[in-house]
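**Q** Structure in structure tokens, see below.
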Amino acid sequence: MSIVTVQLGQCGNQIGFEVFDALFIDSHCPQRLSSKRENEAYQASCKERFFSEEENGVPIARAVLVDMEPKVINQTLSKAAQSGRWKYGQHSSFCQKQGSGNNWAYGYSVHGPRHEESIRNLIQKEVEKCDSLSGFFIIMSMAGGTGSGLGAFVTQNLQDQYSNSLKMNQIIWPYGTGEVIVQNYNSILTLSHLYRSSDALLVHENDAVHKICAKLMNIKQISFSDINQVLAHQLGSVFQPTYSAEGSFHYRRNPLGDLMENLVPHPEFKMLGVRNIPQMSENSLAYSTFTWAGLLKHLRQMLISNAKMEEGIDWQIRPPLPGLPSLSKMSLNKELHFNTSIANLLILRGKDVHSADLEGFKDPALYTSWLEPVNAFNVWRTQRAFSKYEKSAALVSNSQFLVKPLDMIVGKAWNMFASKAYVHQYTKFGIEEEDFLDSFALLEQVVASYCTL
């Protein structure tokens, strides 16, 4: 089954390019660990998901590119074409001459309705090229105007038009220090609207990815391109094919459906995060060896201590003992120490993948009391290595990892709203104070629900 990717705004288009490039390079990477037949099955499965064939043999990304300014889309189209590996479709992009000026309301209430039909037609054409549609993967930021405002509008539209297809939004959480004065308003409006129309929100925090670039990849001058490549690596390690229950050579057919089934057991809880291990520069990789026991021990501790990378993990944090009140049941004001999960999906790739011991992830103490570990924990595997890593693991979690950042963004937005700062910039484009209040109410409910796990 195929996934149609919708790239929105500057951020969505730049990340989208890196994701397709990472998927393509990985699926054509020479592999010692897998047989020729297995490699071919893997390639075919990746292609069915993300690329369609063209006459001259260059695969075309199953993607629609949308931005309200032409510069980034033009750069993205030409970068893909120049790579010689794959490209975007000739008529798969839509852009205008004037952006949204970091105003969510302008993206949502002006650009959205004005260009609704053109964007809908582009998506429709892309859907028609799929033999079977698994759903939509929508890449956007939540701090600006086009990605966030228009992104929320497009997602809502997809929900109305393709109500039976799954929608997963990949959201870039802004830097805490802030790039845009109104980013907290834009963020709460984006999140609250997506909570109503998307099936799952896969969240990456800019601050966390920045740290990975600095500490693990040893990059001195970190650019957006570096950050986007780390994101693409993480997304590739989740979305590339893995075996279905039938075993080798049989790859899962419905990636989005399987992800949702394993990770979103209740519509109140749809925030997902990704951790992966190992992640390092190519220079370091040449001198490193890994065991499954070591990788999974670190990954489990990253999960329960809510660490985003394997460096600087807090090893003091332990799961609560049965019978004792869990730390996470405390109020938000006290630090959330132990990160309780609703569901975890572990994706293992590489050598001796069937020998990995997963008992640590089946501990009931890791999960909320209303789900048994047998329902809350799943594992996918393939012997085919990902990228240049002989062994690698990705963990997609539905857990309390966003409680603090979400509570902070809601708090900062509320403080500005209480003094009516910048609200007029939104009301003049039809977003009323009532819409803000609805957003606050919905997100405070989300924070409260995750706190009670």
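The values are calculated or read from the model by the stated rules, or taken from the named source; none is laboratory data. None of these values were measured; they are calculated from a predicted model. Neighbour counts are summed over all protein chains in view; Cβ atoms, including those assigned to glycine, are modelled from backbone coordinates with ideal geometry. To get the accessible areas, we keep the full protein, side chains included, count just its heavy atoms, and leave off ligands, DNA and RNA. Shrake-Rupley method; radii C 1.70, N 1.55, O 1.52, S 1.80 Å.
**Q** Whole-Å semi-axes of the stretch 72-159's equivalent ellipsoid, largest first, each the root of 5 times a Cα gyration tensor eigenvalue? Mind dumping the intermediate values first?
**A** Working: eigenvalues 104, 63, 27 Å².
For the stretch 72-159, the ellipsoid semi-axes come out as 23, 18, 12 Å.
**Q** For every other residue with a beta carbon closer than 11 angstrom to the beta carbon of ASN13, add +1 if it is Lys or Arg and -1 if Asp or Glu, then tell me the sum.
**A** Working: positive: LYS71, LYS79; negative: GLU18, ASP67, GLU69.
Computed value for this residue: -1.
**Q** The stretch 1-83: which trypsin sites (Lys or Arg not before Pro) are DSSP loop and have at most 11 other beta-carbon atoms within 10 angstrom?
**A** Working: sites: ARG32, LYS36, ARG37, LYS47, ARG49, ARG62, LYS71, LYS79; in loops: ARG32, ARG62.
Of the trypsin sites (Lys or Arg not before Pro), the ones in loops of the stretch 1-83 whose Cβ has at most 11 other Cβ atoms within 10 Å are ARG32.
**Q** Determine, from the Cβ-Cβ distance of GLU54 and THR289 and an R0 of 41 Å, the FRET efficiency 1/(1 + (r/R0)^6), rounded to the nearest 0.05.
**A** 0.50
**Q** Also: Quick one: divide the alpha-carbon radius of gyration of the stretch 41-81 by 2.2 N^0.38 Å and tell me what you get. Don't skip to the answer; put the middle values down first.
**A** Details: Rg = 12.7 Å, N = 41, 2.2 N^0.38 = 9.0 Å.
Normalised Rg, Cα atoms only: 1.40.
**Q** Between GLU128 and ALA245, 0.36 nm times their residue separation minus their Cα-Cα distance comes to what?
**A** On the way: separation 117, 0.36 × 117 = 42.12 nm, distance 2.92 nm.
Stretched out fully, the GLU128 to ALA245 stretch lengthens by 39.2 nm.
**Q** Considering only C-alpha atoms, what is the centroid distance from the stretch 1-29 to the stretch 59-128, in Å?
**A** One Cα centre to the other: 13 Å.
**Q** Based on the Cβ-Cβ distance from LYS420 to LEU442, what FRET efficiency comes out when R0 is 22 Å, to the nearest 0.05?
**A** On the way: r = 21 Å, r/R0 = 0.95.
Efficiency computed from Cβ-Cβ geometry: 0.60.
**Q** Next up: Please list log₁₀ I(q)/I(0) at q = 0.22, 0.25 Å⁻¹ for the stretch 352-411, using the Debye equation with identical point scatterers on the alpha-carbon positions.
**A** For the stretch 352-411 at q = 0.22, 0.25 Å⁻¹, log10 I(q)/I(0) is -0.97, -1.07.
**Q** OK, next. What percent does the relative contact order of the chain come to when contacts are Cα pairs within less than 8 Å and at least six residues apart? Provide the component values of the computation, followed by the final result.
**A** On the way: 830 pairs, mean separation 76.3, N = 453.
Dividing the mean separation by the residue count of the chain yields 17 percent.
**Q** Do the sum for the chain: with -39,500 (n - 2.57) for every DSSP H run of n ≥ 4, divided by all residues, what is the mean residue ellipticity at 222 nm, to the nearest 500 deg cm²/dmol?
**A** Numbers: 15 runs with 183 residues, N = 453.
It lands at -12500 deg cm²/dmol.
**Q** Another one. Give the Cα extents of the stretch 19-165 along the principal axes, in whole Å, largest first.
**A** Reported extents, whole Å, longest axis first: 53, 34, 29.
**Q** Based on the Cβ-Cβ distance from ILE25 to LYS215, what FRET efficiency comes out when R0 is 35 Å, to the nearest 0.05? Show your work: numbers first, answer last.
**A** On the way: r = 24 Å, r/R0 = 0.69.
Computed FRET efficiency for ILE25 and LYS215: 0.90.
**Q** Could you please tell me the mean projected area of the C-alpha convex hull for the stretch 132-177, averaged over all directions and given in square nanometres to one decimal? Could the numbers behind the result be given before it?
**A** Details: hull surface 13.5 nm².
Taking the Cα atoms of the stretch 132-177, their convex hull projects to 3.4 nm² on average.
**Q** Okay, moving on. Report the residues of the stretch 359-392 in range of a label on GLU282: point 7 Å along Cα→C-beta, backbone N strictly under 15 Å from it.
**A** Residues passing the 15 Å test: 387-390.
**Q** Might you report the magnitude of the Cβ-based charge dipole of the chain about its Cα centre, with Lys and Arg at +1 and Asp and Glu at -1, to the nearest 20 debye? Mind dumping the intermediate values first?
**A** On the way: 41 positive and 44 negative charges, 173 e Å.
Dipole size: approximately 840 debye.
**Q** Can you bin the chain into rounded, prolate or oblate? Criterion: square roots of the alpha carbon gyration tensor eigenvalues sorted a ≥ b ≥ c, rounded for a/c under 1.5, prolate for a/b above b/c, oblate for the rest. Intermediate values should be presented prior to the final figure.
**A** Working: a/c = 1.62, a/b = 1.08, b/c = 1.51.
Cα axes put the chain in the oblate bin.
**Q** Just to be sure I understand the model, the point goes 7 Å from the Cα along the line to the Cβ. What's the resulting SER35 to HIS354 distance in nm?
**A** Here the modelled spin labels are 1.3 nm apart.
**Q** Here's a follow-up. Could you give the semi-axes, largest first, of the ellipsoid that matches the stretch 152-281, computed as the square roots of 5 times the alpha carbon gyration tensor eigenvalues and rounded to whole Å? The partial results should precede the final answer.
**A** Numbers: eigenvalues 143, 116, 23 Å².
They are 27, 24, 11 Å, listed largest first.
**Q** Could I ask something else about it? I need two numbers for the stretch 328-453: Rg to one decimal and Dmax as a whole number, Cα atoms only, in Å.
**A** Considering the stretch 328-453 through its Cα atoms, Rg and Dmax are 20.4, 60 Å.
**Q** How much space per residue, in cubic angstrom, does the convex hull of the C-alpha atoms of the stretch 215-296 take up?
**A** So the per-residue Cα hull volume is 166 Å³.
**Q** Over 5 Å intervals from 0, what percent of Cα-Cα pairs in the stretch 1-84 sits in each interval?
**A** Values per bin, smallest distances first: 3, 14, 23, 22, 18, 11, 6, 3, 1, 0.
**Q** Write out the GluC sites (Glu not before Pro) in the stretch 210-319 meeting two conditions: DSSP loop, and at most 16 other Cβ atoms within 10 Å of their Cβ.
**A** Values: sites: GLU246, GLU261, GLU268, GLU282, GLU310, GLU311; in loops: GLU246, GLU268, GLU310, GLU311.
Sites meeting the loop and neighbour criteria: GLU246, GLU268, GLU311.
**Q** When only C-alpha pairs under 8 Å and at least 6 residues apart count, what is the relative contact order of the stretch 158-261, in percent? Before the final figure, lay out each step's value.
**A** Details: 78 pairs, mean separation 26.2, N = 104.
Once normalised by length, the contact order is 25 percent.
**Q** Right, here's the next one. Any idea how far apart ILE181 and GLU372 come out in nm if each label point goes 7 Å out from Cα toward Cβ?
**A** 5.7
**Q** For the stretch 1-108, what is the percent of antiparallel DSSP beta bridges, rounded to the nearest 5? Could you put the intermediate results ahead of the total?
**A** Numbers: 2 of 10 bridges.
Rounded to the nearest five, the antiparallel share is 20 percent.
**Q** Please work out how much accessible surface CYS11 shows to a 1.4 Å probe, ignoring ligands, DNA and RNA, in Å² rounded to 10.
**A** Here the residue's solvent-accessible area equals roughly 40 Å².
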